[in-house]
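Presented below is the structure to which this report refers.
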Amino acid sequence: MNSFNSVEVRKKIVDGKKEIVTNRVVIQGKTRFKQSTVVRKGKKTTRRTCKKKLTKKELDCIMARRFIPGLFDECVRSCLDEE
């Protein structure tokens, strides 16, 4: 099995506070997951992380180098719901 590691970092300002969203996909042997981390900086810095297993369909698309719209939507949504 091939190993695959991808990291995407987005920075933006929400309500005058910095927000950093990091999306990561890791495939290495039997370890296969997608992870989102949301860090909000202001007077109080908050950090939320969500980690989920990849489905068979997502794994096949990633290994075929196909774009998957909304891959991290569920993870980011659950990070923001915790606040």
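Working from label points 7 Å from Cα in the Cα-to-Cβ sense, the residue 9 to residue 30 distance is 3.3 nm. Within the set (1) 1.14; (2) 1.19; (3) 1.30, the number that Cα Rg over 2.2 N^0.38 Å takes when calculated for this structure is listed as (2).
Among 6, 78, 36, the order by Cβ neighbours within 10 angstrom, fewest to most, reads 6, 78, 36. Here the chain is scanned for trypsin sites (Lys or Arg not before Pro) in DSSP loops (not H, G, I, E, B) that have at most 14 other Cβ atoms within 10 Å, and the longest stretch holding none of them is 1-29. Listed by Cβ neighbour count within 10 Å, with the fewest neighbours leading, 21, 7 appear as 7, 21. Summing Lys and Arg as +1 and Asp and Glu as -1 over all other residues whose Cβ lies under 10 Å from the Cβ of residue 55 gives a net charge of +4. Measuring between alpha carbons in the structure, the pairs from 30/51; 17/53; 18/57; 11/43; 12/56; 12/57 lying more than 27 angstrom apart are 17/53; 18/57; 12/56; 12/57.
Values quoted throughout were computed directly from the atomic coordinates according to the rules given, and no laboratory measurement underlies them. Model, not experiment: these values are computed from the prediction. No Cβ is skipped: glycine too gets one built from the backbone with ideal geometry, and neighbour counts run over all protein chains shown.
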